Amino acid sequence: SAGRGGPVPGRPSGPPAGPAVVGSWARGGPQGLAATATSLNAAAKPKFAPGPRPKAVGAASSRLALGLKRDLGPAAPSLDGEAFPDFEKPKDAKEQAKEKAQAALAEAFPETTSCEEALAALCSSAGAASAATTPQAQLDAALSWLLRSGLPDAPSTESRARVLHAGSLLVAGMAGKADYAAQISGLLETYFAEQQQKGKNTPQVMEANGLIDAVLFGTLALQLEDSNPKVASIRMRILRRLLKPTTSETVQRSLADALVPLLAKDEGANAEACKMFLEELGASQEPVRRGAAFGVAAVARAGGGASALRKLGIMDAVKAAASAEGKSSSGRRQGGLICLGELASNLGRSFEPYALSSLPLLLSSCADDKKEVQTAGRAAAQTVIAQVSTNGVKLMVNPVLEGIRDKRWRTQLSAVELLSTIVAELVANAPKRLAMVLPKLIPALCEAAASARGEVREAVKTVLGKIGVGIAHRDVAMLAPQLIAALVDPTEGPIVKALDSLLSAVYTTAIDGAACALICPVIERALTRGDAEAQQKAANFARGLVLHAGESEELAPYFAALRPPLQALLSNPNPGVRAAAAQAVGALAADDAAADSLSKLVSRLDEQQDGAEMEGTAQGIAATISSISEEKRQELIAELVRKDISREGKLCRLCVFAYLPKAMASVDDGGSAMAEALPVLEEALCDSDEAVR
């Protein structure tokens, strides 16, 4: 409107117009709006200009004169004794010297064996040997020093144990009288009242307080009459301390030991405590779960041992907790596993009937998603195995083998570690039992050695090393490192080295079952995985091993494992391998247990075979005829001279007769077998089939 030179009707007139402003906005154009801002009167005030900054309250100006300080308000409170009366000041040199003297006094505390010795030693440490004249005063001085100086200032576990033992002897010897019992109870309660008022909750103080509850209060309760209400009060005090999350494991064990005689006095209290402990196995805090597990073991001991497990339903509840499903139940699983370990540790050999049924659960827990459950399962399994007798350990082998064959590597690892404990037990106490189970163990360990996890392979190597230590055969024991390397490493190099060491060794005594446990798996691997040279060497060694060992029952399982790969080599295209395998098959056929393998070999006579397979079968049967008994030899010769056979049967039987003279040359009366073959040969010369002729 200004550009048109007249006021707008109906609007109040503004201030007089200033000098004319020439801008592109007046003439229009693309920059008209942009030029408006620069064309305004310089004296005009911006519409949204910020106001002046307010001055600080109480300040005369924004700047202080030189040398003056700004007022920052009231000063912060100082950490002095008046502001904080409970504040512990740093100890000065005198107090530190006194503390060192008390620690030295506690460290030098002697061993005591009676109430009188304990009272004298405690009074001497308290410096009241001459000042205290009455028994009450001596008791007061002795316990006061123990509670306030001896126990808290003890610098080592051994000195603390000596002081506590003296206190236990003192309470046990003097609490039999009502007056002394009341005095002891009063001293202990006064001490705890002082501790509560001070509020000093350092780990050392809490551990000392827990041990006082377990040892001194526990001993006091045993000296009181069963009808005394103090007994139930002390029992509940110990029970609550056991389930506190701040109680250390050492103190929890002492508290559990103190609970056993107190719970044994009252069957009803024992049952109620059992329910409470079983519920707390699933508590949210691990120390509470651990205390509950210790409590369950104490309940079992108080209830008579293994009989209480069934009577109170402990095992069913513990197994249910250890096998609880779901991520949210991991704490309960851990509590159940800790409890199983504590039950085995506390009940010892009487827990053995439950050990076998618990082992699969323990092994499966080692593959749990939660690390704390895995750790608890492995620890519990080791504890269970350690408490089983030598006879029971043999029964544990099958569940452990199932764990080794498990596809989960953590379960495999735990099973191999348990097997290490079993092997160590059998090597030390029952080497003959170890020899009986080795035919099952070695193949399973060889399978586990092929695991992709290095932890499993190292554990397998450790177990095989312990088996090698248990070998009594000196000549084989020296070869154990090479044999173990061949079992752990499936490649051809270690197998060849082990095979060469076996062939070059000198054996001065017969090889036993424990030695064969490491030798035969290496021979089997060479037969199945080696090249032609290694296979020929392995077959020759197998033949020599059989001839050297003779008829030994403990070696039969190892020889049975060698028969299938040796019979498979009878079809090898290499003539040297076939000949060596045939000699080994013949040597193995002398065993009565070889009847099945012999029947399989004879059944190949009538099968369609190529030239190499037929020659291998013929060589194996010929070597077998030379090594079996006379009765079996006659049966086999009768099978060879049969007439109602196919063309393939004729050809294979004639091939056997071709190798028979050489095989029977060293056999007494071997000519009779050859005489029976002559009519068959004469008839074959006239056969219409050119191949037969």
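Every residue in the range 98-113 that is open to solvent by 50 Å² or more (accessible area, probe 1.4 Å) and modelled with pLDDT of 75 or more, please. Before you say what the answer is, go through the steps one by one.
We begin by selecting, within the range 98-113, every residue open to solvent by 50 Å² or more (accessible area, probe 1.4 Å); these are 98-101, 104-105, 107-108, 110-111, 113.
Across the range 98-113, the qualifying residues are Lys100, Ala101, Ala104, Leu105, Glu107, Ala108, Pro110, Glu111, Thr113.
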State all residues of the range 322-344 that are under 21 Å from Ile422 (Cα atoms) and open to solvent by 60 Å² or more (accessible area, probe 1.4 Å); if no residue qualifies, say none.
none
Out of curiosity, is Ile471 open to solvent by less than 70 Å² (accessible area, probe 1.4 Å) and without any contact (Cβ under 8 Å) to a residue 60 or more places away in the chain?
yes
Among the residues that make up the range 357-375, is at least one of them closer than 24 Å to Val260 by Cα and either buried (at least 24 other Cβ atoms within 10 Å of the Cβ) or touching a helix residue (DSSP H, G or I) at 6+ places or on another chain (Cβ under 9 Å) (or both)?
no
Looking only at the range 472-481, count every residue that is assigned to a helix (DSSP H, G or I) and of a type in the set (A, V, I, L, M, F, W, C) and tell me the total.
3
Which numbered condition Val393 misses (of (1) modelled with pLDDT of 85 or more; (2) of a type outside the set (Asp, Glu); (3) crowded, with 18+ Cβ neighbours inside 10 Å)
(1)
Across the range 271-287, the tally of residues that are open to solvent by 10 Å² or more (accessible area, probe 1.4 Å) and either under 17 Å from Glu342 (Cβ atoms) or not in a helix (DSSP H, G or I) (or both) stands at 10
Identity of the residue in the range 528-540, more than 13 Å from Pro490 (Cα to Cα) and in contact with a helix residue (DSSP H, G or I) (Cβ under 6 Å, 6 or more places away or on another chain), that ends up surrounded by the fewest Cβ atoms within 10 Å (Cβ to Cβ)
Ala532
Run down Ile484, Ile511 and say which single residue is open to solvent by less than 20 Å² (accessible area, probe 1.4 Å) and in a loop (DSSP other than H, G, I, E, B).
Ile511
Subset of the range 645-688 (residues that are in a loop (DSSP other than H, G, I, E, B) and open to solvent by less than 40 Å² (accessible area, probe 1.4 Å))
Ile645, Val667, Gly670, Asp687
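Let's see how each residue does on (1) surrounded by 19 or more Cβ atoms within 10 Å (Cβ to Cβ); (2) at pLDDT below 85:
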site	(1), (2)
Cys115	no, no
Ala121	yes, no
Ser124	no, no
Ser130	no, yes
Gln138	yes, no
Leu147	yes, no
Ala154	yes, yes
Ser159	yes, no
Starting from residues that are charged (D, E, K, R) and part of a helix (DSSP H, G or I), keep the ones in the range 256-270 and report whichever is nearest to the chain's Cα centre (by Cα).
Asp257
Scope the range 368-395; condition under 10 Å from the mean Cα position of the chain (by Cα) and either under 10 Å from Ser414 (Cβ atoms) or small (Gly, Ala, Ser) (or both); matching residues
Gln374, Ala376, Gly377, Arg378, Ala379, Ala380, Ala381, Gln382
Please list, ordered by first then second residue, the pairs with beta carbon atoms under 9 Å, 6 or more apart or interchain, first in the range 182-197 and within 13 Å of Ala221 (Cα to Cα), second loosely packed, with under 12 Cβ neighbours inside 10 Å and among the basic types (Lys, Arg).
none
Please pick out the residue among Glu639, Glu635, Glu615, Glu631 that is farther than 23 Å from Thr528 by Cα, of a type outside the set (Ser, Thr, Tyr) and either open to solvent by less than 20 Å² (accessible area, probe 1.4 Å) or in contact (Cβ under 8 Å) with a residue 12 or more places away in the chain (or both).
Glu639
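The values are calculated or read from the model by the stated rules, or taken from the named source; none is laboratory data. Treat the numbers as computed from the prediction; the structure is a model and nothing was measured. Note: ideal-geometry Cβ built from the backbone for every residue, glycine included; neighbour counts use all protein chains shown. Heavy atoms of the whole protein, side chains included, go into the accessibility calculation; ligands, DNA and RNA do not. Shrake-Rupley method; radii C 1.70, N 1.55, O 1.52, S 1.80 Å.
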